[in-house]
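See below for the structure under consideration.
The values are calculated or read from the model by the stated rules, or taken from the named source; none is laboratory data. Keep in mind that this is a model prediction, so the values were computed, not measured. When we count neighbours, we look across all protein chains shown, and the Cβ atoms used for this are built from the backbone with ideal geometry, even at glycine. Quick note on the areas: whole protein, heavy atoms, side chains included, nothing else; ligands and nucleic acids left out. Shrake-Rupley method; radii C 1.70, N 1.55, O 1.52, S 1.80 Å.
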Amino acid sequence: MKSKAKDLSILIVGFLSTLMGFLATLNIKFEWLTEQSINAFGAFFVAAVMLGSGVYAVWKNTYVSKNAGLQKKALQSQKLMKK
């Protein structure tokens with residue numbers, strides 16, 4: 001997952017950098033569209049994807065939801081899981 005997030009971040013940062021260069025050739029400039037802001041967005045994107053995948057992994061691998069709680073009780077009743 002980390003590799004996919006990094007690859008997608010590189011794609012987005014590359015697109016934004018190209019867009020910034022294209023707009024500069026047309027003499028259109030945005031104060032907020034700088035190399036630093038693009039790099040910061042790329043880092044933010046990777047961090048957000050990592051946070052999301054971490055939260056998803058914890059949610060799927062714990063018995064938090066209602067159905068997962070029922071599954072845990074069923075496993076415990078069959079002595080397939082310690083209480």
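Before moving on, here are some points about what is shown:
- Helix axis angle, 2-25 relative to the chain longest principal axis, alpha carbon, degrees: 20 degrees
- Radius 15 Å from Cβ of ALA24, net charge of other residues (Lys, Arg +1; Asp, Glu -1): -1
- Label-zone membership for segment 17-52, site LEU8, 7 angstrom Cα→C-beta point, backbone N under 19 Å: 17, 38-52
- Counting only protein heavy atoms and a 1.4 Å probe, the chain has 84 square angstrom of accessible area per residue.
- Relative to the compact-globule estimate of 2.2 N^0.38 Å, the Cα radius of gyration of segment 19-83 comes out at 2.19.
- Computed over the chain with a Gaussian network model linking Cα atoms closer than 10 Å, the most mobile of LYS29, LYS60, LYS73 is LYS73.
- Share of carbon and sulfur in the accessible heavy-atom surface of the chain [1.4 Å probe, %]: 66 percent
- A simple spin-label model places pseudo-atoms 7 Å from Cα toward Cβ; at ALA47 and LYS82 they are separated by 3.8 nm.
- Residue-averaged 222 nm ellipticity for the chain, from DSSP H runs of 4+ at -39500 (n - 2.57), nearest 500: -26000 deg cm²/dmol
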